[in-house]
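Read the structure below first, then the notes.
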Amino acid sequence: MLNFEFQAPTKVIFGRNTIQKVKDEIPKDKKILMTYGSGSIRKNGVYKKVMEALKDHTVLEFAGIEPNPKFETLMKAVEIVKNENIDFLLAVGGGSTLDGTKFIAAASKFEGDPWDILTKGAEIKDAIPLGDIITLPATGSEMNPGAVISRLSTDEKFAFMSPLVYPRFSIIDPETTYSLPEKQTVNGIVDTFVHTMEQYATYDANTPLQDEWMLGLIKTLMVEAKKVLKNPNDYEARANVFWCATCGLNYWMSLGCVQDWSTHMIGHELTALYGIDHGESLAIVLPRVWKNRKNEKMRKLAKMAVEVFGANEFLPKNILADITIKKTKKFFESIGRRTKLADYGIDKEDAAKKISQRFKKRGTVLGERQTITPDEVYEILMHC
Ligand code: NZQ
Ligand code: ZN
């Protein structure tokens, strides 16, 4: 097991009728900027509940944070934060709204060009405190210190992390997810699956407890996903899927494990260049990354075939690993997520060329051993 340190400062408030509790989590003397997306919270009643709860607070609003939140939009919010002396940010919506708000929190206190936070890993020394009411189970952003931001002018997408942008609190009311379009529910299921796999399916560092947690999450997710898709108003299933998503990327399960993240890195480029959803990009890339890297991931993929997919443990590891790759793809397809670039109208040669060139220029290498070169990324995408 690798050495690790862990501190998760976010207070999680989970369950039905919890939105009203937001009033107790933000001191009355704070001037709040409430951030949200393009209006889903107005349609599903979440906006009204938040406003009612905060009727004795001072609340300004910033709407229009788009999916895959854009630097250009977020910088407009930074202006408001500075001009209005905002001292608390409240994100209400999906992972994009929350990620965007984390960036606003850091950029508002940053001296210099905030884009450097994303491209140069510039140090974040201070940030406006933030909390959230998360309405989409997918990113785990509600309990992690990360955010992913895109730039319209350059078609780029980068992540940053800082302990200073951990949400102070996250309110998770599974009932808010009843209104999700099926496509977004599926995206969230795929994202949760792949987060868990980026942390699990690597080389074995002797982490049996963590491995069992991660495989347990996958088993739970696969069962509950089917229930949610069959009956979107099944509260228990919605609650279980949400908790899977939160735990899928709060990094608790993978402490001391070796992590991969190459599927995400390639997927982010596909989103940046072709505008497909995050969950769509992952379903395309993961199976092929596994195929290319089967040898080094063999033990973990084989264990998963037995524990998750019920395969015979006496089969050769090589065959077991193939079973996991095949069954994972089948699972994505069974919940309605297609797994080929062509399914989304993307020319694989164009993608392979553009993305491998970008990685070459940036000197990017990927994978748990940092041995996936831009040339291999080219090959991976040519098979997607
Ligand atoms: O814009 P609004 O009106 O809010 O509508 C959103 C959006 O159109 C809608 N939506 C959200 N909750 C809803 C709802 N519609 C009806 N009912 C609800 N309850 O869903 C659409 C997608 O929302 P978005 O926030 O973009 O989705 P998601 O939560 O999947 O976030 C995706 C973003 O998170 C990043 C991705 O790269 C992408 O930019 N990620 C963030 C991570 C992190 N912070 O740790 C890790 C992930 O790997 C991921 O990269
Ligand atoms: Zn993800």
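The values are calculated or read from the model by the stated rules, or taken from the named source; none is laboratory data. Predicted, not measured: the structure shown is a model, and the values here were computed from it. Every residue, glycine among them, receives a Cβ derived from its backbone with ideal geometry; neighbour counts consider all protein chains shown. Side chains included, ligands, DNA and RNA excluded: accessible areas come from the protein's heavy atoms. Shrake-Rupley method; radii C 1.70, N 1.55, O 1.52, S 1.80 Å.
Contact order for the range 229-384, expressed relative to its length and based on alpha carbon pairs under 8 Å spaced 6+ residues apart, stands at 24 percent. Bridgeable aspartates and glutamates around Lys49 (alpha carbons under 16 Å apart, same-chain partners fewer than 8 residues away excluded): Asp24, Glu25, Glu61, Asp132, Asp173, Glu175.
If you add up the charges near Ser334, with Lys and Arg at +1 and Asp and Glu at -1, over every other residue whose beta carbon is less than 11 angstrom from its beta carbon, what do you get? Net charge in that neighbourhood comes out at +4. Summarising the label geometry, the points placed 7 Å from Cα in the beta-carbon direction at Leu152 and Lys11 lie 3.7 nm from one another.
For Tyr200, the shell of other residues with beta-carbons less than 13 Å away shows a net charge of -2, using +1 for Lys and Arg and -1 for Asp and Glu.
Computed extension gain for Asn233 through Asp113, at 0.36 nm per residue and net of the alpha carbon distance, reaches 38.7 nm.
Of all the options Pro145, Pro316, Pro174, the one that moves most in a Gaussian network model of the chain with Cα springs shorter than 10 angstrom is Pro316. Solvent-accessible area of the chain (1.4 angstrom probe, protein heavy atoms only): carbon and sulfur portion equals 50 percent. When the listed pairs Lys317/Lys348; Lys294/Lys329; Lys294/Lys361; Lys31/Lys102; Lys31/Lys76 are checked against a 20 Å cut-off, the alpha-carbon distance exceeds it for Lys317/Lys348; Lys294/Lys361. Measuring between their Cα centroids, the range 128-173 and the range 298-315 lie 34 Å from each other.
Computed packing ranks the peptides 203-209, 114-120, 214-220 as 214-220, 114-120, 203-209, most packed first, by mean other Cβ atoms within 10 Å. Farthest towards the positive end of the charge dipole of the chain, among the residues Phe314, Gly248, Gly121, is the Cα of Phe314, using unit charges on the Cβ of Lys, Arg, Asp and Glu. Springs between alpha-carbon pairs under 10 angstrom, Gaussian network model over the chain: which of Ala105, Ala302, Ala122 fluctuates most? Maximum fluctuation in the GNM of the chain, among the listed residues, is at Ala122. For Gln357 and Thr371, the difference between the fully extended length at 0.36 nm per residue and the C-alpha to C-alpha distance is 3.4 nm. In the structure displayed, which of Lys55/Lys109; Lys23/Lys227; Lys30/Lys120; Lys43/Lys330; Lys23/Lys82 lie more than 26 Å apart, Cα to Cα? Violating the 26 Å limit, Cα to Cα: Lys55/Lys109; Lys23/Lys227; Lys30/Lys120; Lys43/Lys330. Between the beta carbons of Asp343 and Lys291, assuming R0 = 25 Å, the FRET efficiency works out to 0.90 to the nearest 0.05.
Per the Cα gyration tensor, the range 61-109 maps to an equivalent ellipsoid with semi-axes of 16, 11, 9 Å, ordered largest to smallest. Rolling a 1.4 Å probe over the heavy atoms of the protein chains gives the range 194-346 an accessible area of 39 Å² per residue. Considering only Leu130, Leu249, Leu60, the Gaussian network model of the chain with Cα springs below 10 Å gives its largest mean-square fluctuation to Leu60.
How high is the relative contact order of the chain? Use alpha-carbon pairs under 8 Å, at least six apart in sequence, and give a whole percent. Contact order relative to length: 15 percent. Pro374 sits among other residues whose Cβ lies under 13 Å from its own Cβ, and their net charge, with Lys and Arg +1 and Asp and Glu -1, is +2.
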